[in-house]
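The block underneath contains the structure these notes are about, expressed in structure tokens.
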Amino acid sequence: MKLKYTLAAFAATTLASNGAITLHNLAGSANNQANFTATSGFSFTTTALSLDTNLDSIDIAGPSTGATATVFTMEVYIDADNDATTFGLGALVGTSTNTSVLANNTVNNFSFSGVTLSDNQSYIAVFTDGTNPITTRFGLVNGNSDTGTTAFSAGAPTFAGSHDPAVTVNMTPEPSSTALLGLGGLALILRRRK
């Protein structure tokens, strides 16, 4: 009987630790927009995740007006100087598995697979045509309330960093980390039984 409760506790621990993590939840808050030249994009910064964490998707608000029919791919790079306010492209860590048109008044989704993010690290997302960085137009949030993200045009912060990109970064812990947490919980429960 006790083993049944122990297994139930193990399953609950594993499921509870598999929750989604969201950063910079601004995609639905766009109240401005801008044109961005080639080598444009935005930075985002992870927190102390304490687990290996997979990048699932990045949502970004399209402009309120003036969208084009351009199809974009998103590439994510490590920020070489780990400073969200500078455009220091480091190594490429992943490319979106889908393409998207940044449509007017729409939150657009770019999905990723096999991209693991590190704790307390800045990353830079760049819009490309699948090969080269290209110009774009996307939504912004007035004010600089989110210090972990900056919009860039031609490698420089836009509007002196006074507007945040309207983005949401969605992540989940890796299954291996989740299983380890679950096993740790099981070990604690079994230790208490003795």
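Tabulated data
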item	result
Selection within segment 90-107 - part of a strand (DSSP E or B) and hydroxyl-bearing (Ser, Thr, Tyr)	THR95, SER100
Number of positions in segment 151-170 that are buried (at least 22 other Cβ atoms within 10 Å of the Cβ) and at pLDDT 90 or above	6
Residue selected from segment 54-75 under the condition surrounded by 18 or more Cβ atoms within 10 Å (Cβ to Cβ) and of a type in the set (D, E, K, R), by the criterion farthest from PRO165 (Cα to Cα)	GLU75
Qualifying residues in segment 156-166 (those that are in contact with a Gly (Cβ under 9 Å, 6 or more places away or on another chain) and either among the aliphatic types (A, V, I, L, M) or assigned to a loop (DSSP other than H, G, I, E, B) (or both)) - the one nearest to ASP119 (Cα to Cα)	ALA166
Failed item in (1) modelled with pLDDT of 90 or more; (2) assigned to a strand (DSSP E or B); (3) over 14 Å from the mean Cα position of the chain (by Cα), with PHE87 passing the rest	(2)
Some residue of segment 117-133 being of a type in the set (S, T, N, Q) and free of Cβ contacts under 8 Å to residues at least 24 places away in the same chain	yes
Residues of segment 8-53 that turn out to be aliphatic (A, V, I, L, M), open to solvent by 40 Å² or more (accessible area, probe 1.4 Å) and modelled with pLDDT of 85 or more, as a count	1
Positions within segment 42-61 being part of a strand (DSSP E or B) and farther than 23 Å from THR106 by Cβ, in sequence order	THR45, THR53, ASN54
Unique residue being surrounded by fewer than 17 Cβ atoms within 10 Å (Cβ to Cβ), in contact (Cβ under 8 Å) with a residue 12 or more places away in the chain and under 18 Å from THR168 (Cβ atoms) when the list is ASN82, ASN108, ASN98, ASN104	ASN98
Subset tally (residues that are within 27 Å of LEU49 (Cβ to Cβ), among the polar types (S, T, N, Q) and assigned to a strand (DSSP E or B)) for segment 108-148	6
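The values are calculated or read from the model by the stated rules, or taken from the named source; none is laboratory data. Fair warning: this is a prediction, and the values are worked out from it, not measured in the lab. Cβ sites come from the backbone with ideal geometry, for glycine too, and all protein chains shown count toward neighbours. Note: areas computed on protein heavy atoms with side chains; ligands, DNA, RNA excluded. Shrake-Rupley method; radii C 1.70, N 1.55, O 1.52, S 1.80 Å.
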